[in-house]
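Inspection log for the structure reproduced underneath, given as structure tokens.
The values are calculated or read from the model by the stated rules, or taken from the named source; none is laboratory data. None of these values were measured; they are calculated from a predicted model. Don't worry about glycine lacking a Cβ; one is built from the backbone with ideal geometry, like all the others, and counts go over all protein chains shown. Heavy atoms of the whole protein, side chains included, go into the accessibility calculation; ligands, DNA and RNA do not. Shrake-Rupley method; radii C 1.70, N 1.55, O 1.52, S 1.80 Å.
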Amino acid sequence: MPLVVQKYGGTSVASLDRIRSVAKQVVARHKEGNQVVVVVSAMAGETNRLIDLALSASSKPDMREYDALVATGEQVTSALLALILRSMGVEARSFLGHQVRIVTNNASSKARILRIEADRLRKILNRGWIAVVAGFQGVDEEGNITTLGRGGSDTTAVALASALRADRCEIFTDVEGVYTTDPGICPNARKLSKISYDEMLEMASLGAKVLQTRSVEFAKRYQIPVEVKSSLVNRPGTLVTVEDPSMENILVSGVTYDRNEAKVTILKVPDRPGVAAKIFAPLMDANISVDMIIQNVSTKGYTDLTFTVAKSDLSLALEIIQRLASQIGAKDVIADKGIAKVSIIGLGMRSHAGVASKMFQSLARAGINIQMISTSEIKISCVIDEKYTELAVRVLHDAFELGNLPRPRSKTGKKKSR
Ligand code: ADP
Ligand code: ASP
Ligand code: MG
């Protein structure tokens with residue numbers, strides 16, 4: 001019997017009425033002859049409320065207790081959905097992360113799934129029951145509750161789909177699929193019928209919050225077809241799948257933005273071997289990921305070093321860097337939270353020239369200054385002043401004609417120059 005994992009996000013379970021309509025959709029899928037596992041998020045706004053509560057209780061919360069608190073939103077919705085399903089006469093059981101068991105490392109608030117012991121779920125499914133799983137949460141080897149980072153229910157769903165060797169994973173959300181950019185800020189955004197794992201990975205990691213990055217990593221590694229679709233209208237969504245030859249012709253397939261990073265600059269760093277290692281190793285030890293890094297040309301034996309980290313890691317990063325700066329003899333450390341990163345993504349960039357200059361020119365024409373740049377085979381990112389985020393996204397979306405059909409294609413494989 002085919003096995004389907006469905007995930008419903010916060011707006012899809014925002015009220016009892018919404019949970020009732022989710023229950024109807026789940027039952028319909030079950031009646032079609034599928035085994036069904038449903039992963040639910042907390043009700044819309046609930047995780048934010050819980051985070052605010054934690055931060056009001058303690059300005060520097062103990063992260064074990066923080067996770068124990070913020071994981072509760074999903075406990076409520078999973079139990080409510082199971083209750084409603086049972087009141088409809090359908091056999092269903094809810095499971096928390098530790099009941100499944102979804103085992104993670106101990107990195108509170110950004111834990112990574114190590115393994116899923118899915119025997120209990122399998123037994124339930126083999127009895128013909130529906131399994132409802134609380135998203136976003138796991139348990140570490142010591143039995144502490146952990147959470148998987150914002151948007152983590154997507155990862156719960158895809159990880160369960162891979163552990164259970166599901167035939168399909170369906171992510172229900174408040175938009176009809178993956179768009180060329182966030183339809184919330186660009187009315188002209190166009191829904192994609194298909195996107196490759198690699199492009200989706202870039203889009204997610206560069207800020208398109210429609211799927212959490214880790215969920216796409218799981219999908220790619222275990223080749224799980226993931227469909228992103230609306231829980232409100234019954235229309236085909238976007239299939240995230242393996243790359244096919246038609247996708248390679250697409251120069252730029254999407255524009256993303258990320259307002260969750262902050263920029264740190266260390267001024268007048270002595271320019272000698274080992275200094276970069278001295279700066280970045282303690283950040284890594286503290287589980288802080290550094291994204292973009294720029295080191296300026298050295299003058300008179302000194303250089304400036306700029307890098308970005310998640311805003312949520314900024315205060316810890318500053319604590320570490322300020323301590324280090326005096327040890328290595330740097331002059332000062334400055335932080336800037338008012339930045340955003342805008343990016344363009346496309347498999348076609350691998351073999352086409354001129355994409356970067358078009359991006360820079362379009363931003364320049366709109367009067368937007370670029371503070372940092374980074375490129376890879378299939379993306380270009382620019383850090384800009386946060387206040388220009390929406391303008392930059394729309395300008396780039398227009399420049400690469402993403403809202404208009406047919407999509408821009410080029411058959412001439414010019415030399416890459418980015
Ligand atoms: P859920 O609560 O269902 O998990 P999220 O808010 O996490 O929903 O993700 C859906 C939101 O992602 C959309 O409402 C949209 O504003 C945003 N988004 C950003 N970029 C994209 C994109 N390229 N395609 C679709 N949605 C996007
Ligand atoms: N409720 C969590 C969040 O808001 C997880 C999720 O919705 O995926 O981030
Ligand atoms: Mg989400």
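Computed over the alpha-carbon pairs of region 100-244, the distance histogram in 5 Å steps reads 2, 10, 18, 22, 19, 14, 9, 4, 1, 0 percent, short to long.
Relative to 2.2 N^0.38 Å, what does the C-alpha radius of gyration of the chain come to as a ratio? Two decimals please. All intermediate terms of the calculation are to be shown ahead of the outcome.
Details: Rg = 22.7 Å, N = 418, 2.2 N^0.38 = 21.8 Å.
Compactness ratio reported: 1.04.
Along its first, second and third principal axes, ordered by size, region 275-340 spans 35, 25, 17 Å in Cα coordinates. Amide H contacts of T104 (H built 1.01 Å from N, in plane; Pro and chain starts excluded): L114, V139, D140, E141 sit under 5 Å, all sequence-distant by 5 or more or on other chains.
Using a cut-off of 31 Å between Cα atoms, the listed pairs K24/K191; K337/K379; K123/K209; K60/K278 include K123/K209 as exceeding that distance. Cross-link partners of K229 among aspartates and glutamates, defined as those whose alpha carbon lies under 14 angstrom from its own and excluding same-chain residues fewer than eight positions apart: D154, E170, D174, E176. On the accessible surface of the chain, probed at 1.4 Å, how many percent belong to carbon and sulfur atoms? About 51 percent, which is the carbon plus sulfur part of the accessible surface. Summarising the label geometry, the points placed 7 Å from Cα in the beta-carbon direction at Q223 and R122 lie 2.1 nm from one another.
The residues of the chain expose on average 45 square angstrom of accessible surface per residue, using a 1.4 Å probe on protein heavy atoms. Contact order for the chain, expressed relative to its length and based on alpha carbon pairs under 8 Å spaced 6+ residues apart, stands at 13 percent. Evaluated on region 199-248, the Kirkwood hydrodynamic radius is 11.8 Å, with distances taken between all distinct Cα atoms.
Based on DSSP H segments of at least four residues, each scored -39500 (n - 2.57), the chain has a per-residue ellipticity at 222 nm of -10500 deg cm²/dmol.
How large is the Kirkwood hydrodynamic radius of region 260-418, in angstrom, based on all distinct alpha carbon pairs?
Numbers: mean 1/r = 0.0575 Å⁻¹.
Computed over Cα pairs of region 260-418, the Kirkwood hydrodynamic radius comes out at 17.4 Å.
Taking a ≥ b ≥ c as the square roots of the eigenvalues of the Cα gyration tensor of region 1-85, is the shape rounded (a/c under 1.5), prolate (a/b larger than b/c) or oblate? Judged from the Cα gyration tensor, region 1-85 comes out prolate (a/c at least 1.5, a/b above b/c).
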